[in-house]
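Chemist: Have a look at the structure that comes next, please.
The values are calculated or read from the model by the stated rules, or taken from the named source; none is laboratory data. Being a predicted model, the structure only gives us computed values, none of them experimental. Cβ sites come from the backbone with ideal geometry, for glycine too, and all protein chains shown count toward neighbours.
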Amino acid sequence: MVPEVPVPGVPATIHLTLDGRELTARAGQSVGAALTEAGIRSWRRTRHGGRPRGLFCGIGICYDCLITADGVPNLRACLLPASDGMQLTSTGSELTPTTDGGVA
């Protein structure tokens with residue numbers, strides 16, 4: 001593991017929420033990486049069939065990881081830098097994170 005190098009003026013740990021659930025992340029992580037590290041594997045469902053989706057390609061190609069951040073919908077979590085105080089919302093109001101890392 002590569003040691004973390006502190007950046008002046010940037011906190012080592014940041015705080016964000018997903019559907020009201022408080023999470024912590026490491027500074028510099030993408031939203032997708034922060035959610036995955038927190039054990040959350042999916043945060044939206046497909047329009048047809050309702051299949052769970054989350055981080056898949058990790059490089060912005062597939063659009064499986066779309067999320068709403070600070071009220072802006074359809075952002076790719078794999079490309080979106082996590083920031084302190086960020087408020088994330090699962091795509092679709094019927095979604096809520098589950099204890100198994102998915103959404104119900």
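Chemist: For residues that are modelled with pLDDT of 90 or more and outside any loop (DSSP other than H, G, I, E, B), scanning just the range 75-96, find the one that is surrounded by the most Cβ atoms within 10 Å (Cβ to Cβ).
Modeler: Leu88
Chemist: In the range 23-74, which residues are assigned to a strand (DSSP E or B), aliphatic (A, V, I, L, M) and either exposed (fewer than 13 other Cβ atoms within 10 Å of the Cβ) or in contact (Cβ under 8 Å) with a residue 40 or more places away in the chain (or both)? Can you show your working first?
Modeler: Step one: filter the range 23-74 for residues assigned to a strand (DSSP E or B), giving 23-26, 30, 44-45, 52-53, 66-69, 72-74.
Now narrow it down to the ones that are aliphatic (A, V, I, L, M): 23, 25, 66-67, 69, 72.
Passing the criteria: Ala25, Val72.
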